[in-house]
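Data block below; observations after.
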Amino acid sequence: MAVIFLDLYGVLADSRKMESLYNERMAAILHRRHGGSLETWRRLQDESYVWYQAEGRKLDERPGEDREGDAWVSAVQRLNAGQVLWIFERAGLPEPEDALGYSEALEAETVREIDALYPDARPALHALVTQGHRLLLSTNANRANAESALIGGGVRDLFDGLAMLETARAKKDRPYYWRRAFALAGTRPDEAVVVDDVVRFLSPAAELGARCIQLLRPGLRHRVIRADDPPTAFPVIPDLTALTDLVR
């Protein structure tokens, strides 16, 4: 039986559904806590997300050594705290004493009540566990988002571990990430199956010896294939049902 690493957004969960429900729910939480206009909180949340994405792209342009280990974790945590400060400044509120702690608690409260899993995800995960495979999440997200998304989808108990910001301490385009992920699982790369929708996240795992599979859901190819992405060299499946057949 295999140790299977499953990507979160694009493989298990629909990022479009998550983003829509996330922004609405977070605005409602901030409105409940701090008053004011719900519409204003919606606008600030939407605008802060645009800012967050732009700042995240800047982080991705850093040299490789700055995208691994403590340097990377600290950079992402500063960005997450910065989004809260960005919102509070424009809302005219005093900034929270612990912006990072506030950010992570707000993220967890928001995401753990959202079920954004694709319809095939839950039955496929149960089938994989029944077949005897061990499941681990592989994501670039932090615990507040990643674990909460599994809780919201009702599948957290099916996963043996989470390779994420706090544990893998890099992005998935780095061999550093995958070495830590395999160590976290207590497995050799050649005993692992890695499923992702993005080639550049699969390539380092494949180079270390893992069996890699690209999942490209119909209608989403334009979202995951970038102009600078290499052509896929991996088997391609359309959903997680196909994965259960492939690893049976």
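By the scheme Lys and Arg +1, Asp and Glu -1, what is the net charge of all other residues having a beta-carbon under 12 Å from that of Ala141?
It works out to a net charge of -2.
Restricting to DSSP H runs of at least four residues, report the calculated mean residue ellipticity at 222 nm for the chain, -39500 (n - 2.57) per run over all residues, nearest 500 deg cm²/dmol.
So the helix-based figure for the chain works out to -17000 deg cm²/dmol.
Candidates [x] 20.6; [y] 21.9; [z] 18.8; which is the computed Kirkwood radius over Cα pairs in Å?
Calculated Kirkwood radius over Cα pairs in Å: the matching label is [z].
For Lys58, which lysines qualify as cross-link partners when the Cα separation must be under 17 Å and same-chain residues fewer than eight apart are set aside?
Result set, ordered by chain and number: Lys171, Lys172.
Counting Lys and Arg as +1 and Asp and Glu as -1, what is the net charge of the other residues whose Cβ lies under 13 Å from the Cβ of Val247? Walk me through the intermediate numbers first.
Values: positive: Arg134, Arg211, Arg248; negative: Glu191, Asp245.
Spelling it out: positives minus negatives among the neighbours equals +1.
Where Lys and Arg each count +1 and Asp and Glu each count -1, what net charge lies around Gly69 among other residues with Cβ under 13 Å from its Cβ?
+2
Under 8 Å for C-alpha pairs, at least 6 residues apart: give me the relative contact order for the chain, rounded to a whole percent.
Relative contact order here is 23 percent.
Can you give the extra length, in nm with one decimal, that the chain gains between Ile29 and Gln53 once fully stretched, where that is 0.36 nm per residue apart less the Cα-Cα distance? Each step should come with its number before you reach the end.
Working: separation 24, 0.36 × 24 = 8.64 nm, distance 2.14 nm.
This chain segment gains 6.5 nm when fully extended.
Report for the chain the percent antiparallel among DSSP-assigned beta bridges with both residues inside it, nearest 5.
Just about 10 percent of them are antiparallel.
Coordinate-derived values only; no laboratory data. For clarity, every value in this text was computed on a predicted model and none was experimentally measured. Virtual Cβ from ideal backbone geometry, glycine too; neighbours counted across all protein chains shown.
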